[in-house]
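Reading through the structure tokens given below for one structure.
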Amino acid sequence: MSKQYDSVAVVGRVLIGVLFLMSGLSKLAAPTATQGYIASVGLPAPVLAYALAVAVEVLGSLLLIAGVGTRFVAAGMTVFTLATALAFHNNFADQNQMIHFMKNIAIMGGLLQVVALGGGWFSVDGVLARSYALSANATPQPAE
């Protein structure tokens, strides 16, 4: 990527990441209500589903923002976003639910761009890749 696109990549990761982070923090603030909502749509094991959602949204967002395991994290968040769309926003007769479903599809599109392009220059992945390239290209010094 060029420097211009690397700047856009980090802004995109932050914007998507903040969306998930805020959602995860709101779940942490209201665990009983969140677990009740999960149970109300008929999903099994609401406590386990709650823990998974918080982990994906809080930890996943922080990893995405920092650019750690960027492609893998974005792929996992894509699967999570599809699952939430199908489980929670599947009443297409309700216009609000349809909007939420389509919002999730759009988020998935952004995450898939991250999967395709990676974290870019301004990411932990980028720093590690540059460090690896430097060490791989280093000329060994003769022993004295």
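The values are calculated or read from the model by the stated rules, or taken from the named source; none is laboratory data. The structure displayed is predicted, hence computed values, not measured ones. All Cβ positions, even for glycine, are placed from backbone atoms using ideal geometry, and neighbour counts span all protein chains on display.
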Taking helices (runs of 4 or more DSSP H) that do not extend beyond the range 1-88, which have at least 3 residues that are among the polar types (S, T, N, Q)? 3-29, 31-40, 70-88
I want to confirm something. Restricting to the range 98-111 and keeping residues that are closer than 24 Å to residue 76 by Cβ and surrounded by 14 or more Cβ atoms within 10 Å (Cβ to Cβ), which single residue is nearest to the chain's Cα centre (by Cα)? 111
Scanning the range 11-46 for residues that are of a type in the set (Val, Ile, Thr) and surrounded by fewer than 18 Cβ atoms within 10 Å (Cβ to Cβ) gives 11, 14, 18, 32, 41
Evaluate the range 52-71: report whether one residue or more is without any contact (Cβ under 8 Å) to a residue 12 or more places away in the chain, closer than 24 Å to residue 14 by Cβ, crowded, with 19+ Cβ neighbours inside 10 Å and not basic (Lys, Arg). yes
How many residues are within 11 Å of the chain's Cα centre (by Cα) and under 18 Å from residue 40 (Cβ atoms) when one looks only at the range 64-97? 0
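Would you confirm whether or not the range 68-75 contains a residue that is of a type in the set (S, T, N, Q) and modelled with pLDDT under 95? It would help to see each step written out before you state the result.
Keep residues of the range 68-75 that are of a type in the set (S, T, N, Q), which gives 70.
Narrowing the set further to residues that are modelled with pLDDT under 95 leaves none.
Checked the range 68-75: no residue is of a type in the set (S, T, N, Q) and modelled with pLDDT under 95.
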